[in-house]
1. Given the conditions (1) away from chain B (no Cβ under 13 Å); (2) more than 15 Å from A:Gly64 (Cβ to Cβ), which single one is not true for A:Pro90?
2. Being in a loop (DSSP other than H, G, I, E, B), closer than 13 Å to A:Val83 by Cα and more than 9 Å from chain B (Cβ to nearest Cβ): is that true of A:Met137 here?
3. Before we move on, is A:Glu69 away from every other protein chain (no Cβ under 14 Å), free of Cβ contacts under 8 Å to residues at least 40 places away in the same chain and crowded, with 16+ Cβ neighbours inside 10 Å?
4. Here is a list: B:Leu48, B:Leu11. Which entry is crowded, with 16+ Cβ neighbours inside 10 Å, touching a strand residue (DSSP E or B) at 6+ places or on another chain (Cβ under 9 Å), modelled with pLDDT of 95 or more and within 27 Å of A:Ser134 (Cα to Cα)?
5. State yes or no: is A:Gly160 of a type in the set (Gly, Ala, Ser), in contact (Cβ under 8 Å) with a residue 24 or more places away in the chain and either assigned to a strand (DSSP E or B) or more than 30 Å from B:Ser124 (Cα to Cα) (or both)?
6. Among the residues in segment B:1-11, are any assigned to a helix (DSSP H, G or I), among the small types (Gly, Ala, Ser) and free of Cβ contacts under 8 Å to residues at least 12 places away in the same chain?
7. More than 17 Å from B:Ala70 (Cα to Cα), among the hydroxyl-bearing types (Ser, Thr, Tyr) and surrounded by 13 or more Cβ atoms within 10 Å (Cβ to Cβ): is that true of B:Thr107 in this structure?
8. Determine the pairs where a residue that is closer than 14 Å to B:Leu118 by Cα, located within segment B:73-91, has a partner that is among the polar types (S, T, N, Q) and part of a strand (DSSP E or B) with Cβ atoms under 9 Å apart, the partner being 6 or more residues away or on another chain.
Amino acid sequence: MPKLDNGLAIRNSESSDVPSVVKLDARITGINKADYWADMFERYGKRENRYFLVAEDPEGKVVGFIIGEVRAWEFGSPPSGWVFALGVDPDARLMRVGTILFESICACLRKSGVDTVRTMLARDDELNMAFFRSLGMMGGPFIQLEMGLSALSSDAPTAGEKT
Amino acid sequence: MRLQKATQCALFAVLELAQNPEQQVSAADIAEKYSISANHLAKVMRDLSRAGLVDSMRGAGGGYRFSGNAKRVTLYEIVKMFEDVGQEGRQEAGDDSPIGRALKQVTTEIDEITVSTLKSITLSTLMKLTQRHQSQP
């Protein structure tokens, strides 16, 4: 596994990394989601055109992770890369961990044949939005919409029911 | 969204200075480069100086120098100095009606997107974007 100038190494995740990712994510978000990350590893750590990368510091400690994949024809969009999870150990900030992880996953996505990468953020997540923008990302052609389901009639039929 | 003249002057000046933080540039040179009124720019420079974003050097060879942190200062901080952005306007007649409240919901969505965009773009990011435009014909 090649080491970068700052001693970091980027590699595909292994099942033994899942506890470190759970711990790191819990430290960042304050929520322990062991089942979720085990499922993410099953879905993204082992399949083609899906990437679950981790960053290791010189001591072999996992200090960051990133997950992404190629999605095709969602919302009418031709195949494009999506990055939907990124976490960096707060103690390893300013070591370019996030930047290197992002550049690595972009290289993987490019090899998978796409030339665009997308992500989605909370509108008030200024820290991460500033990070992605500093790497050159701009607002894309899509807009996310949502509503509370309670606003819909509860009389509407579900699949298999007749009106 | 169209930025007001003062905001645009401030952004031209700050970004021009931030691109070469070691260099002192006169307000007249900035005004000439961006075809803006020197008088208007002088007022804007005073505001930027008061906000700690530029230092003014007096005397021969004097001028302005960027004194902020380009990786920390966002477009929002500069824009809000000169115009109301993302701030609730004063209460108008009809605002409490159902149509007024529905319109408020829409304009709030627009404002929130504007604010989050401006807050997430630092001067450093805008300088990178500028370089990309410079390298394109």
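1. For A:Pro90, the failing item is (2).
2. Values: in a loop (DSSP other than H, G, I, E, B): yes; closer than 13 Å to A:Val83 by Cα: yes; more than 9 Å from chain B (Cβ to nearest Cβ): yes.
When the stated conditions are applied, A:Met137 passes them.
3. Details: away from every other protein chain (no Cβ under 14 Å): yes; free of Cβ contacts under 8 Å to residues at least 40 places away in the same chain: yes; crowded, with 16+ Cβ neighbours inside 10 Å: yes.
For A:Glu69, the condition - away from every other protein chain (no Cβ under 14 Å), free of Cβ contacts under 8 Å to residues at least 40 places away in the same chain and crowded, with 16+ Cβ neighbours inside 10 Å - is met.
4. Values: B:Leu11 fails: touching a strand residue (DSSP E or B) at 6+ places or on another chain (Cβ under 9 Å).
Exactly one of B:Leu48, B:Leu11 is crowded, with 16+ Cβ neighbours inside 10 Å, touching a strand residue (DSSP E or B) at 6+ places or on another chain (Cβ under 9 Å), modelled with pLDDT of 95 or more and within 27 Å of A:Ser134 (Cα to Cα), namely B:Leu48.
5. no
6. The first filter runs over segment B:1-11 and keeps only residues assigned to a helix (DSSP H, G or I), leaving B:5-11.
With the extra rule that they be among the small types (Gly, Ala, Ser), the set shrinks to B:6, B:10.
Filter once more, so that each one left must be free of Cβ contacts under 8 Å to residues at least 12 places away in the same chain: none.
Among the residues of segment B:1-11, not one is assigned to a helix (DSSP H, G or I), among the small types (Gly, Ala, Ser) and free of Cβ contacts under 8 Å to residues at least 12 places away in the same chain, which makes the answer no.
7. Values: more than 17 Å from B:Ala70 (Cα to Cα): yes; among the hydroxyl-bearing types (Ser, Thr, Tyr): yes; surrounded by 13 or more Cβ atoms within 10 Å (Cβ to Cβ): no.
No: the conditions fail for B:Thr107.
8. Close Cβ pairs (under 9 Å, with a partner that is among the polar types (S, T, N, Q) and part of a strand (DSSP E or B)) amount to B:Val73/B:Thr122; B:Thr74/B:Thr122; B:Leu75/B:Thr122.
The values are calculated or read from the model by the stated rules, or taken from the named source; none is laboratory data. Given the structure is predicted, the values throughout are model-derived calculations rather than measurements. Every residue, glycine among them, receives a Cβ derived from its backbone with ideal geometry; neighbour counts consider all protein chains shown.
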